[in-house]
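Enquirer: Please see the structure below; I have some questions.
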Amino acid sequence: MKYKFIGLFTSLLMVMGCIIPVNAKVNVNTNNLYSEYAYVYDNTGDKVLYDHKGEERMFPASMTKVLTVYSACKRIKDINESVTIDQEDVAHVYEQDASSAGFVAGEKLTYKDLLYGALYPSGADACWALGRLIAGSEKNFVKLMNQDAKALGMKDSHFVTSTGLHDDKHYTTCKDISMLLKAALQNKIFRSIFTGDNYYTTTDKRIRMMNTLTRTRVKAHAAARSELLGAKSGYTSIAGHCLVSLAKVNGHEIITTTAKAFSTKFGVARFSAGCAVLDHNVLVGNVKDQTKNVKIMKKNELVNTIKIRFGEITSYKIKTSRDVSLLLDKNFAGEIKVSFKGKNVLQAPVNKGDVLGKIIVSSDGQTLYSETVKADRTILFAYKTLFIYVLKRVLVVLAILIVLAILLRIRKHKRKKRYQKYRERRKGA
């Protein structure tokens, strides 16, 4: 494959931001899915790979706990800090038919136990304890959750509880849940829990907690593909079976979110709670079979040197700030062109955050990847540089004038000599 770099403009002084995703179609027979809603997102390439009703409202059930744990991780200073389970944390588990992590009133454990207890066995008791300890009550904690959701750009989501127990005003979309997991995975504590294996609590009881994929394999006899690294499930009779997962496919992280799956869709239930995992197996499998990883640019690759006028620096080397790779159709064999649309000369001052242009990766006129380039620092105006600039031009003008003066003098001298010769010839005549 031939790669052309035409006018590529980026540098260590700039950050790649405001990524514009371009949908790459992954073919899926929707009729073969248990789930009514499905959304597949390439977290590495920032592209939507598959979208079936991904922006329509649905009930997330216990997928809500991804936000619960994310909001808690942001606010807990020490996950190994010792805390105590209160009676109010466990009082309503059975009457609300909620999942439980098995904690009891008066039990001493750690925040880490509560975080795992919320994500792995999907314990409502763990969620209620986190809400009480962090915000004073679940009601106050849910306010923080909604604030976090809004900050992440989850535009069509509203949460009423930290557990996901059904409420008509508790809703989201598959796209919003995918955005949530994308952000949550940037938190090291959350990522380690979400992609972790079995966990044993620090209490004397040593409760064993299985992650979602292990629990589904053991209890629902539905094994996940090896590409799946972690997941969080959810279920209510109205929401159906829901699942959000992270997978590694062809070198890219893939986030898949599905909702409202019912195991009886195709007749007698065979896999019960495992039907959502089976859908993720299909979706992730299609991504693997239908795409390939194409590397476009390497990190720190030198591409150009840009001139700066009247700045504190006169030039700098342009290097790519990160690796860029794309998932493309498996049979793709076209030519890829990387180009820059924007300024190729900067004049100081340049302010941090100034938009300088766009980097575009395209093939046959179709944009595969596009991102806005912004300056990541301020480049100050330098009077010394301006003085040197003006001085150089003054010297050039003076040099030209001197040369002209010399030429005029030479010309005058020649004319004088010709005139003298002319007079000498006249005298001789």
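Every read-out reported here was derived from the displayed coordinates using simple, explicitly stated rules and does not represent laboratory data. Given the structure is predicted, the values throughout are model-derived calculations rather than measurements. Backbone-built Cβ (ideal geometry, glycine too); neighbour counts: all protein chains shown.
Enquirer: For segment 47-112, run through the chymotrypsin sites (Phe, Trp or Tyr not before Pro) and keep only the ones in DSSP coil with at most 16 other Cβ atoms within 10 Å of their Cβ.
Expert: Hits after loop and neighbour filter: TYR94.
Enquirer: I've got another one for you. Given bins 20 angstrom wide, list per bin the percent of all Cα-Cα distances in the chain, short to long.
Expert: 22, 40, 22, 8, 5, 3, 1
Enquirer: LEU404: net charge of surrounding residues, Cβ under 14 Å, Lys/Arg +1, Asp/Glu -1, itself excluded?
Expert: Local charge sum for LEU404: +3.
Enquirer: Now for a different question. What number, in percent, do you get for the relative contact order of the chain if the mean sequence gap of Cα pairs under 8 Å and at least 6 apart is divided by its residue count?
Expert: This gives 20 percent for the chain.
Enquirer: Nearest 500 deg cm²/dmol is fine: what mean residue ellipticity at 222 nm does the chain get from its DSSP H runs of n ≥ 4 alone, each adding -39,500 (n - 2.57), divided by its residue count?
Expert: For the chain, the value works out to -10500 deg cm²/dmol.
Enquirer: What is the ratio of the Cα radius of gyration of segment 388-429 to 2.2 N^0.38 Å, where N is its residue count, to two decimals?
Expert: Rounded to two decimals, the normalised Rg is 1.98.
Enquirer: Which of TYR422, TYR120 comes first, and how do the rest follow, when ranked by fewest Cβ neighbours within 10 Å?
Expert: Fewest to most other Cβ atoms nearby, the residues stand as TYR422, TYR120.
Enquirer: Also, quick follow-up: Would you kindly derive the ³J(HN,Hα) couplings of segment 275-289 from the backbone phi angles with the Karplus curve 6.51 cos²θ - 1.76 cosθ + 1.60 (θ = phi - 60°), listing them in order in whole Hz, with x for Gly and Pro?
Expert: Residue by residue, segment 275-289 yields 4, 5, 5, 4, 5, 5, 4, 5, 5, 5, x, 5, 4, 5, 6 Hz.
Enquirer: Mind listing the long-range amide H neighbours of SER325? Cut-off is under 5 Å, sequence gap 5 or more, other chains count too, H placed in the peptide plane at 1.01 Å from N.
Expert: Residues meeting the criterion, in which the H sits 1.01 Å from N, are ILE296.
Enquirer: List the lysines whose alpha-carbon lies under 30 Å from that of LYS421, not counting same-chain residues fewer than 8 positions away?
Expert: Cα-Cα hits under 30 Å: LYS412.
Enquirer: Going by average Cβ density within 10 Å per residue, which order do the peptides 402-408, 328-334 take, highest to lowest? Could the numbers behind the result be given before it?
Expert: On the way: 402-408: 10.0, 328-334: 13.1.
Sorting 402-408, 328-334 by mean packing, highest first, produces 328-334, 402-408.
Enquirer: Quick one: among ALA399, ALA38, ALA101, which has the greatest mean-square fluctuation in a GNM of the chain with alpha-carbon springs under 10 angstrom?
Expert: Of ALA399, ALA38, ALA101, the most mobile in the Gaussian network model is ALA399.
Enquirer: Also, I was wondering about something else. For the chain, with a Gaussian network of springs between Cα atoms less than 10 Å apart, report the residue from ASP323, ASP204, ASP148 with the top mean-square fluctuation.
Expert: ASP204
Enquirer: Also: How large is the dipole of segment 20-293 about the Cα centre if only Lys and Arg carry +1 and Asp and Glu carry -1, each at its Cβ, rounded to the nearest 20 debye?
Expert: It works out to roughly 620 debye.
Enquirer: As a quick test, which of the pairs LYS65/LYS219; LYS112/LYS260; LYS108/LYS143; LYS299/LYS374; LYS47/LYS295 have an alpha carbon distance above 19 angstrom in this structure?
Expert: LYS65/LYS219; LYS112/LYS260; LYS108/LYS143
Enquirer: Of LYS150, LYS417, LYS295, which has the largest mean-square fluctuation in a 10 Å C-alpha GNM of the chain?
Expert: It is LYS417.
Enquirer: Same structure, new question: Could you list which residues have their amide H under 5 Å from that of MET209, counting only those 5 or more apart in sequence or on another chain, with H placed in the peptide plane?
Expert: It is TYR199, TYR200, THR201, by chain and number.
Enquirer: What order, most packed first, do the peptides 152-161, 123-132, 253-262, 277-286 have when packing is the mean number of other Cβ atoms within 10 Å of each residue?
Expert: Averaged packing, sorted descending, gives the order 123-132, 253-262, 277-286, 152-161.
Enquirer: Under a 5 Å amide H to amide H cut-off, with H placed in plane at 1.01 Å, what residues pair with LYS47 once short-range neighbours are removed?
Expert: Amide H to amide H, under 5 Å and 5 or more residues apart or across chains, LYS47 pairs with ASP42.
Enquirer: If we count other beta carbons within 10 Å of each Cβ, what is the order of PHE141, PHE381, fewest first?
Expert: Values: PHE141 23, PHE381 14.
Starting with the residue having the fewest Cβ neighbours, the order is PHE381, PHE141.
Enquirer: Can you give the net charge of the other residues whose Cβ lies under 11 Å from the Cβ of ILE379, counting K and R as +1 and D and E as -1?
Expert: 0
Enquirer: For LYS307, LYS77, which order do you get if you count the other beta carbons within 10 Å of each Cβ and list the fewest first?
Expert: Ordered from fewest to most neighbouring Cβ atoms within 10 Å, LYS307, LYS77 come out as LYS77, LYS307.
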